[in-house]
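Engineer: Got a structure for you, questions after.
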Amino acid sequence: MLFLSGLLVGAPFVAGALIDRRFSDPVFVAMAFALVWAGAIAPLHHELAHSSVARHFGIETRASGYHLGGAYVVLHPPSTGVTPRAWIWTLSAGPISNAIVGGALLAGWSLTSGGWFTAAGLFCMLVAAIELSTSFSNLVPGPKSDGGAIVDTLRISRSALVI
């Protein structure tokens, strides 16, 4: 959904660059790199964060990959069991990763001399928006989302967790 909204926002810029045959236009380049970031880099580091925190807690990563809706990892807990705290940290690692990268890019955007009027500033602003919206949308409790899995973990454990 986020990738499609990025395409809708970027379509006028891309169409203008194609019509004018100006592929070196800084706005076109910034939009193209932001779309690549949204489709490849953001899902990759999000799922890598899940996988690395899972490995820390002894949870095995069985499979990972990309599909039309984004990326995924399949986690398999050890037979001894995993605490609810470990599951919650594992599930929240992806959105935390997106929030950290988005915050760093917001800082980079504020440090660019021309603000968002430069190609670097535009790229930082777009990617920061992609990262932060990915982080927050993954935390919304819903089916097949990190937030929904966190709520399910809390519901199953039926105990108060101090995280």
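The values are calculated or read from the model by the stated rules, or taken from the named source; none is laboratory data. None of the values given here were measured: they were computed from a predicted structure. Cβ sites come from the backbone with ideal geometry, for glycine too, and all protein chains shown count toward neighbours. Accessible surface areas use protein heavy atoms only, side chains included; no ligands, DNA or RNA. Shrake-Rupley method; radii C 1.70, N 1.55, O 1.52, S 1.80 Å.
Each row is one residue, and each column tells you yes or no for (1) in a helix (DSSP H, G or I); (2) surrounded by fewer than 16 Cβ atoms within 10 Å (Cβ to Cβ); (3) at pLDDT below 90.
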{"position": "His50", "(1), (2), (3)": "yes, no, no"}
{"position": "Val53", "(1), (2), (3)": "yes, no, no"}
{"position": "Gly58", "(1), (2), (3)": "no, yes, yes"}
{"position": "Arg62", "(1), (2), (3)": "no, yes, yes"}
{"position": "Gly65", "(1), (2), (3)": "no, yes, yes"}
{"position": "Val73", "(1), (2), (3)": "no, no, yes"}
{"position": "Val82", "(1), (2), (3)": "no, no, yes"}
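Engineer: Name the single residue that is modelled with the lowest pLDDT among those in segment 95-109 being farther than 17 Å from Ser145 by Cα and crowded, with 18+ Cβ neighbours inside 10 Å.
Structural biologist: Of segment 95-109, the ones farther than 17 Å from Ser145 by Cα are 100-109.
If we keep only those that are crowded, with 18+ Cβ neighbours inside 10 Å too, we end up with 101-102, 105, 109.
On the way: Val101: 94, Gly102: 92, Leu105: 88, Trp109: 79.
Taking the candidates together, the pick is Trp109.
Engineer: If you don't mind, another one. Exactly one condition in (1) more than 19 Å from Gly147 (Cα to Cα); (2) among the polar types (S, T, N, Q); (3) modelled with pLDDT of 80 or more is not met by Ser92; state its number.
Structural biologist: Going through (1) more than 19 Å from Gly147 (Cα to Cα); (2) among the polar types (S, T, N, Q); (3) modelled with pLDDT of 80 or more one by one, Ser92 breaks only (1).
Engineer: Here's a follow-up. Is one or more of the residues making up segment 22-41 surrounded by 14 or more Cβ atoms within 10 Å (Cβ to Cβ), touching a strand residue (DSSP E or B) at 6+ places or on another chain (Cβ under 8 Å) and either part of a helix (DSSP H, G or I) or modelled with pLDDT of 80 or more (or both)?
Structural biologist: Within segment 22-41, none of the residues are surrounded by 14 or more Cβ atoms within 10 Å (Cβ to Cβ), touching a strand residue (DSSP E or B) at 6+ places or on another chain (Cβ under 8 Å) and either part of a helix (DSSP H, G or I) or modelled with pLDDT of 80 or more (or both).
Engineer: Is it the case that segment 7-19 has a residue that's at pLDDT 80 or above, assigned to a helix (DSSP H, G or I), of a type outside the set (Asp, Glu) and under 17 Å from the mean Cα position of the chain (by Cα)?
Structural biologist: The first filter runs over segment 7-19 and keeps only residues at pLDDT 80 or above, leaving none.
Checked segment 7-19: no residue is at pLDDT 80 or above, assigned to a helix (DSSP H, G or I), of a type outside the set (Asp, Glu) and under 17 Å from the mean Cα position of the chain (by Cα).
Engineer: Select from segment 124-155 the residues that are of a type in the set (A, V, I, L, M, F, W, C) and open to solvent by less than 50 Å² (accessible area, probe 1.4 Å) and list them in ascending order.
Structural biologist: Looking only at segment 124-155, we keep the residues that are of a type in the set (A, V, I, L, M, F, W, C), and these are 124-130, 132, 136, 139-140, 149-151, 154.
Those that are of a type in the set (A, V, I, L, M, F, W, C) and open to solvent by less than 50 Å² (accessible area, probe 1.4 Å): Cys124, Leu126, Val127, Ala128, Ile130, Leu132, Ala149, Ile150.
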